[in-house]
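Chemist: Below is the structure I would like to discuss, written out as structure tokens.
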Amino acid sequence: MRGPRGIVASGALAASVLAALAPARGKEPETPPAVYAALFDVAIVPSERAARVTIRLGDGADHVEWMRFRIDPERHRSFQGDGEIRIDDGSVEWRPPPNGGALRYDFRIDQLRDERSYDARCARRWAIFRGDDLVPPARVRTDPIAHSRSRLRLRLPEGWSAAVPYARVTGGEYRIRHEGRRFDRPIGWFAVGDLGVLREQIEGVSLSVAGPTKHGLRRLDIVALLTWSMPTLAGIFGDLPGRLLVVGAGDPMWRGGLSGPNSLFIHAGRPLIEEDGTSPLLHEMVHTLLGVAPGSGGDWIVEGLAERYSLEVLRRSGTLTAARYEAALARLRERAKRGGKLRVHAVDGDTRARAVVVMHELDAEIRAATADAKNLDDVLRALRQERKDITTSRFQALVEAVAGRSFEDFFQRHAPSPAGR
């Protein structure tokens, strides 16, 4: 007979549930968590520019009542499987049989980011896409302390290889585990096909740099810059993940950089260090390591931090001299004069420059308030620990907690609340 149900939730909520279930001293030991096996079986079909996905529940499936996926109807299609399947506009609810079963669908890999370039692409001999899109976000109703034991199986055309941000278990299978989550699904960047892959161990991190052959991705240059920068990144963030994947390709992929969990994408044509002294690669690496998304009006914070620290890492590692660092800041200050209001949905290049300047001034204010005992690094680590969508008000609260005084005047001067809010 099934026990009471609970919704799979954030790490904080999951922790509170487990804490509530913990016995008092001298009582019986707490009930061990229930586990259900989840296999994500993915077959890449280049001729259709698609993946055929099967989500299969095995041992412990009776702990799961339903899974509700938030889908893109243009990319997630042809749902079928065991048990009950209910399809609404933008969502699919699956109620699997108690003894387990499978949900199957097709995933269209190609996705245009603008009129001419892709942020996901399946070509004749390679494919690059996000696991977050392959298996869409889901809510799962289970027994209160149940969690998944998840694996990913990739079925690839003959001669293809794979680079994913997970440890290989056996053959084409990978173990998926994310701290603080009770339903583990594939996330982060994936590259499959005729790949060139360079691997290195740096600061305890298993780094892989992968991209399609003949795309001009400067794998060794990327490894060299990260070898030089990783000790500084570890000093700033406190610790680094066990695995990091850098995926790159040339046209027709989007000519920019995009971060993901324990992974990032960088276009093969982008310089590792720009003429203004910032680094597109380190910018995305900061996003990846920080692991937070902007809430309403918070884009200036995540973009300002990523750009500021891409420059800061180069200075602290000795890649940029103090004089070049100051020259880069001067150029950003000049560009910042053209920037608009910070609290907008998505900042442009000029407003991002302004955000960098504000972050630089904020660091100086925190240092002054704490007699150099604290700085912006401490705020960055607090943000990373929370792993919540960040807003200006939440960012201000974290700054004040670190500095031990009010920063109301600073934020009203640089990032005032929009009228009526």
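Please treat every number below as a calculation from the coordinates, not as lab data. Just so it is clear, the model here is predicted, and its values are computed rather than measured. Note: ideal-geometry Cβ built from the backbone for every residue, glycine included; neighbour counts use all protein chains shown.
Chemist: For region 152-278, what is the percent of antiparallel DSSP beta bridges, rounded to the nearest 5?
Modeler: Details: 20 of 30 bridges.
If I count the DSSP bridges inside region 152-278, around 65 percent turn out antiparallel.
Chemist: Right, here's the next one. Please identify the longest segment of the chain free of exposed GluC sites (Glu not before Pro), where exposed means a DSSP state other than H, G, I, E or B and no more than 14 other Cβ atoms within 10 Å.
Modeler: Numbers: sites that count: Glu30, Glu74, Glu115, Glu158, Glu179, Glu274, Glu275.
Between the exposed loop sites, the longest stretch runs 276-421.
Chemist: For the chain, return all DSSP H helices satisfying: extent of Cα atoms along own axis at least 18 Å; mean Kyte-Doolittle hydropathy at least -1.0.
Modeler: On the way: long enough: 219-237 (24 Å, 1.24); 299-316 (25 Å, -0.27); 322-336 (21 Å, -0.53); 349-369 (30 Å, 0.00).
Sorted by number, the helices that extend far enough and score high enough are 219-237, 299-316, 322-336, 349-369.
Chemist: Report, in debye and to the nearest 20, how large the dipole of region 287-414 comes out about its Cα centre when Lys and Arg carry +1 and Asp and Glu carry -1 on their Cβ.
Modeler: Around 240 debye, computed over region 287-414.
Chemist: Using 1/(1 + (r/R0)^6) with R0 = 30 angstrom and r between the beta carbons of Ala371 and Asp409, what's the FRET efficiency to the nearest 0.05? Let's see the in-between values first.
Modeler: On the way: r = 20 Å, r/R0 = 0.66.
Approximately 0.95, to the nearest 0.05.
Chemist: Moving on. What is the order of Thr142, Thr392, fewest Cβ neighbours within 10 Å to most? List each step's numbers first, then the result.
Modeler: Values: Thr142 25, Thr392 22.
Placing the least packed residue first, the sequence is Thr392, Thr142.
Chemist: Only counting other Cβ atoms within 10 Å, I'd like Ser317, Ser208, Ser279 sorted with the fewest neighbours first.
Modeler: Numbers: Ser317 17, Ser208 22, Ser279 25.
Going from least to most buried by this count: Ser317, Ser208, Ser279.
Chemist: What does the convex hull of the Cα atoms of region 287-414 come to per residue, in Å³, rounded to a whole number? Can you show the working numbers first?
Modeler: Details: hull volume 13.4 nm³, N = 128.
Spread over its residues, the Cα hull of region 287-414 gives 105 Å³ apiece.
Chemist: Projecting each Cα onto the charge dipole of region 65-190 (Lys/Arg +1, Asp/Glu -1 at the beta carbon, about the Cα centre), which of Val92, Ser161, Leu134 comes out farthest on the positive side?
Modeler: The Cα lying farthest towards the positive end belongs to Ser161.
Chemist: Using +1 on the beta carbon of Lys and Arg, -1 on that of Asp and Glu, and nothing else charged, what's the dipole of the chain about the Cα centre, debye to 20? Mind showing how you got there, number by number?
Modeler: Values: 63 positive and 55 negative charges, 87 e Å.
Roughly 420 debye, rounded to the nearest 20.
Chemist: Would you please name the trypsin sites (Lys or Arg not before Pro) within region 288-338 that are DSSP coil residues with at most 14 other C-beta atoms within 10 Å of their C-beta?
Modeler: Values: sites: Arg308, Arg315, Arg316, Arg324, Arg331, Arg333, Arg335, Lys337, Arg338; in loops: Lys337, Arg338.
Here the sparse-neighbourhood loop sites are Lys337, Arg338.
Chemist: Further question: Using alpha carbons only, how many angstrom separate the centre of region 338-411 from the centre of region 274-302?
Modeler: 13
Chemist: Tally the DSSP beta bridges in the chain and give the antiparallel ones as a percent, rounded to 5.
Modeler: Values: 67 of 88 bridges.
About 75 percent, rounded to the nearest 5.
Chemist: Enumerate the aspartates and glutamates that Lys374 could reach by cross-link, defined here as Cα to Cα under 13 Å, with residues fewer than 8 away along the same chain left out.
Modeler: By straight Cα distance, Lys374 reaches Asp363, Glu365, Glu400.
Chemist: 7 Å from Cα along Cα→Cβ at both Thr391 and Asp89: what's the point-to-point distance in nm?
Modeler: Output for this residue pair reads 2.8 nm.
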